[in-house]
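The values are calculated or read from the model by the stated rules, or taken from the named source; none is laboratory data. Bear in mind the structure is a predicted one, so any value in this text is a computation, not a measurement. Virtual Cβ from ideal backbone geometry, glycine too; neighbours counted across all protein chains shown.
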Amino acid sequence: MKAYKSPEHALTSAQQFLLLEQNSDSHLTKELALLISSITLASKHIALYVKRDGLTDVSEKTNSKNVHGEEVKKLDELADKMLINSLGLNADVAIVSSEENENPVILRESGGKYILFFDPLDGSSNLSSGIAVGTIFSIMEKSKTTYSDPMEIILQPGNRQIAAGYIMYGSSTVLVFTTGKGVHMFTLDPNVGDYLLSRQNMTFPDNGKCYSINEGNAHSFDPGYNKWLDWVKSNEAGPYTGRYIGSMVADFHRTLIQGGVFAYPATKKSPEGKLRLMYEANPIAFIAEQAKGMATNGKSRILDIQPTSLHQRVPLLFGEKKEVEKIMSYIN
Ligand code: AHG
Ligand code: MN
Ligand code: MN
């Protein structure tokens, strides 16, 4: 596709970009463009709350725990509701699964061509500290129109995704997504009230010297990770810089822009890994591969993992291919 070059003064919104892309790539339908717009509409609403934290009580804990036994912030639930409401109005959406709902939300028993997975608020433990948080989404097409158990069509490997993306509520609010034709970034312009194209066809830089891992868990890592950590901090390798935000969306976005590698290995507390396959690892892996990087559980490609349950966790490594392969050379 000839990259659309908007005239100097013109600004391209995410929806315009999707419709332009749609004209040249049949795989991208108007419905998908509209669907992504439903998500970004909800995200603008979520951004309002994130950016005013401290003036409202949304970063306070609810006294409930989610299916993962994790504390839930009011904004976790609110963001979840905003996304489901916005998607519920879209007749093309059949089923929505989210980190905050134990079971999938069946919006339409019949009809609706898409199924969605999302983490409404990623990194919410950072919310009250004013640190970047995010929303992650993953879109698949329904694999069949009739089913007895929704899990038949929900538990699909990540290579079935047709689109994935995230919104990061950071120093700027950015939308990054892929529909399988590269990774594109849009910045929310508060004056316009819309996401405007800011980067196209993003790829990981090829020599970012940044490693991102929670070394507080090093005592329970597989020994290979600690051998890699010794190397990455050695004179021979260096100098690398350690950066760990603790919001995966922000750690991913920094890795995409500055390069390097991220790892959340299995730990004693999370023996399967902490990050969830369907709405954290899969969408991030799709974007990572479209950005010419790599995403693995340390042994195999994230996108090829056949899920066995909706909220299953996986170890997750992503970033520049050679950096991910370096870690794998130590752990395998
Ligand atoms: P969530 O807030 O959706 O539960 O996700 C938090 C995740 C992820 O964003 C981040 O990479 C990871 O938790 C950080 O975990 P640790 O605090 O254990 O490092
Ligand atoms: Mn998360
Ligand atoms: Mn979350």
Strands (runs of 3 or more DSSP E) contained entirely in region 54-122, each with at least 2 residues that are polar (S, T, N, Q), over 18 Å from Ile154 (Cα atoms) and touching a strand residue (DSSP E or B) at 6+ places or on another chain (Cβ under 9 Å): 61-65
Tally of residues being assigned to a helix (DSSP H, G or I) and not acidic (Asp, Glu) across region 312-332: 9
Pairs where the first residue, in region 251-267, is over 14 Å from Glu215 (Cα atoms) and the second is modelled with pLDDT of 95 or more and within 16 Å of ligand 3 (Cβ to nearest atom), C-beta under 7 Å, 6+ apart: Asp251/Ile245; Phe252/Ile284; His253/Met168
Residue check for Ile245: of a type in the set (A, V, I, L, M, F, W, C), assigned to a loop (DSSP other than H, G, I, E, B), within 16 Å of ligand 3 (Cβ to nearest atom) and touching a helix residue (DSSP H, G or I) at 6+ places or on another chain (Cβ under 6 Å): yes
All positions within region 266-298 that are more than 21 Å from His219 (Cα to Cα), more than 15 Å from ligand 2 (Cβ to nearest atom) and of a type in the set (D, E, K, R): Glu289, Lys292
Test: Ser143 is loosely packed, with under 14 Cβ neighbours inside 10 Å and over 23 Å from Leu277 (Cα atoms): no
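Regarding region 155-170, can at least one residue be identified that is of a type in the set (D, E, K, R) and assigned to a helix (DSSP H, G or I)? Write out each step before concluding.
As a first pass, look at region 155-170 and keep what is of a type in the set (D, E, K, R): 160.
Restricting the remaining residues to those that are assigned to a helix (DSSP H, G or I) gives 160.
Yes, there is a match, as at least one residue in region 155-170 is of a type in the set (D, E, K, R) and assigned to a helix (DSSP H, G or I).
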Residue in region 35-52 that is away from ligand 1 (no atom under 16 Å from the Cβ), assigned to a loop (DSSP other than H, G, I, E, B) and modelled with pLDDT under 90 present: no
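Hey, among Ser129, Ser125, Ser138, which residue is within 16 Å of ligand 1 (Cβ to nearest atom), surrounded by fewer than 21 Cβ atoms within 10 Å (Cβ to Cβ) and in contact (Cβ under 8 Å) with a residue 40 or more places away in the chain? Full working, then the answer.
On the way: Ser129 fails: in contact (Cβ under 8 Å) with a residue 40 or more places away in the chain; Ser138 fails: surrounded by fewer than 21 Cβ atoms within 10 Å (Cβ to Cβ).
Checking each option against the conditions leaves just Ser125.
Regarding region 225-234, can at least one residue be identified that is part of a loop (DSSP other than H, G, I, E, B) and over 29 Å from Gly180 (Cβ atoms)?
First, the residues of region 225-234 that are part of a loop (DSSP other than H, G, I, E, B): 233-234.
Pick out the ones that are also over 29 Å from Gly180 (Cβ atoms) and you get 233-234.
Scanning region 225-234, I find at least one residue that is part of a loop (DSSP other than H, G, I, E, B) and over 29 Å from Gly180 (Cβ atoms), so the answer is yes.
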Pair list, Cβ under 8 Å, 6 or more apart: region 142-159 residue outside the structural domain of Asn297 (by TED's automatic domain parsing), other residue of a type in the set (Phe, Trp, Tyr): Lys142/Tyr114; Ile153/Tyr147; Gly158/Phe286
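Considering every residue within region 256-264, establish whether at least one is within 16 Å of ligand 3 (Cβ to nearest atom) and surrounded by 15 or more Cβ atoms within 10 Å (Cβ to Cβ).
If we filter region 256-264 for residues that are within 16 Å of ligand 3 (Cβ to nearest atom), which is where we start, we get 264.
Applying the additional criterion that residues be surrounded by 15 or more Cβ atoms within 10 Å (Cβ to Cβ) yields 264.
For region 256-264, residues within 16 Å of ligand 3 (Cβ to nearest atom) and surrounded by 15 or more Cβ atoms within 10 Å (Cβ to Cβ): present.
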Given (1) away from ligand 2 (no atom under 14 Å from the Cβ); (2) touching a residue at least 60 places away in the same chain (Cβ under 8 Å), number of the condition Phe117 does not satisfy: (1)
Selected residue (criterion: surrounded by the most Cβ atoms within 10 Å (Cβ to Cβ)) from residues of region 65-98 that are touching a residue at least 60 places away in the same chain (Cβ under 8 Å) and in contact with a Phe, Trp or Tyr (Cβ under 6 Å, 6 or more places away or on another chain): Ser98
